[in-house]
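Reviewing the structure listed below.
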Amino acid sequence: MYHVAKAHRLNEYLHATTISINKDSVQLHLHLVAGSDIASKLLSEIDRNNDGFISDTEQQAYTHLIVQNLFLYIDGTPATLRLINYSFPQEDDIKKGVGDIQVYLSAALSSTSVTHQIVFENHQQPSFSVYIVNCLLPADTSIHIISQSRNFDQSIYTVDFTTSNAFHALNTNQSLINETDNLAIIKTYFFHGVHHILTGYDHLLFLFALVLGAAGLWDLIKIVTAFTIAHSITLTLATFGLAHLPEFIVEPLISASIVFVAIQNIFWSKYAGGNGRLAIAFFFGLFHGLGFAGGLLELMHAMPPQMIVYAILGFSFGVEAGNQLVLLPLFDCLQLFKRIKREPLKLARQLTLQQFASGAVALAGAYYLFKAITINT
């Protein structure tokens, strides 16, 4: 499998569930990844004795805790989930937000009926979890998926299917994706993208620095558009394995982008707009896109290509919506400040605000840069 940087790690608990339907059973494969910001919280739940080592007993106890929050209903009846296997990453990988816990479960499927409905519910730590569910095309050609549905956050997933060859004429190569599923994927990843931006402090700092240097609204729109286009390009390429850079390169570059733009605002403010700033926003946007991809690949690796396209689309829209939720109010505040009535102090106050705020952003960016270098060395 290809690898890209894990920059912009999510401060969420990601649950990616793959469902496989067989003649006599339903198989569940869960990938659980905790973002680095909440990794310590997860470790405290797993490593009960705080000895810095996840013992077999602690792994087993946490796995059973996971299973207790999962519910599977087959044809309206609660099904018994049988634990097949599980694996845990190294504690250091959990701390870095790159290690995934894997759990394999199975439930018996009665063959007395021709049509079936499965409802899967995941209630594991809903306050900071993100759920993704994907049903694979059955290997058995006599099993045919009729329909799927998900609630808005995919914590509840429903699939209807049949085990009768009478439905063979429907199309044995049918895709599991229809318009309803596509909309569910777009919605899920839209909210995921918004949340990712609103909690992605390094990304917000970079946008803040861009706003501080913008000469006007149109200038800001062009700069943010260039940034959006750039990170969308590399996000898409990286997700499909067509572009990748190691983590130790991308993460420091993302942090360095904050410092560079902020310092440019302070010492070379006349170059903080126009085509030069457009080029800078586009250039660094390419690396931010690789960072975004790092947080999505674990969720998307089991998805069919068509589903991945809609996931990227929803996530990109969510990122852009998150950008606007931050940028527009911030820009309005800056414009309000510029309309100070006392003209003699107007320019001085504007420069002081830009320099002071940019200095604060540069310091914060330097902190993230130091953190990125030390983590990856």
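With the simple spin-label model, which puts each label point 7 Å out from Cα in the Cβ direction, the residue 117 to residue 360 separation comes to 5.4 nm. For region 13-176, averaging the sequence separation of C-alpha pairs within contact (under 8 Å, six or more residues apart) and dividing by the residue count gives a relative contact order of 28 percent. Computed over region 13-176, the alpha-carbon pair-distance distribution with 5 angstrom bins reads 2, 8, 17, 20, 17, 13, 9, 7, 4, 2, 1, 0, each value a whole percent. On full extension, the segment bounded by residue 60 and residue 283 gains 75.7 nm, given 0.36 nm per residue less the C-alpha separation.
Residues whose amide H lies under 5 Å from that of residue 151, counting only those 5 or more places away or on a different chain, are 156; hydrogens are built 1.01 Å from N in the peptide plane. One decimal place: the segment residue 370-residue 127 gains 84.4 nm when fully extended, by the rule 0.36 nm per residue minus the C-alpha distance. Packing here is the average count of other Cβ atoms within 10 Å per residue, and on that basis the peptides 79-91, 225-237, highest first, run 225-237, 79-91.
For 315, 283, the sequence from fewest to most other C-beta atoms within 10 Å is 283, 315.
Relative contact order of region 62-136: 38 percent, from C-alpha pairs under 8 Å at least 6 residues apart in sequence.
When we measure straight from the Cα of residue 187, which aspartates and glutamates land under 13 angstrom away, once same-chain ones fewer than 8 places off are left out? Here the aspartates and glutamates satisfying the reach criterion relative to residue 187 are 153, 179.
Here, each number is a calculation from the coordinates, and none is a lab measurement. Given the structure is predicted, the values throughout are model-derived calculations rather than measurements. Please note: Cβ atoms are built from the backbone with ideal geometry, for glycine as well, and neighbour counts cover all protein chains shown.
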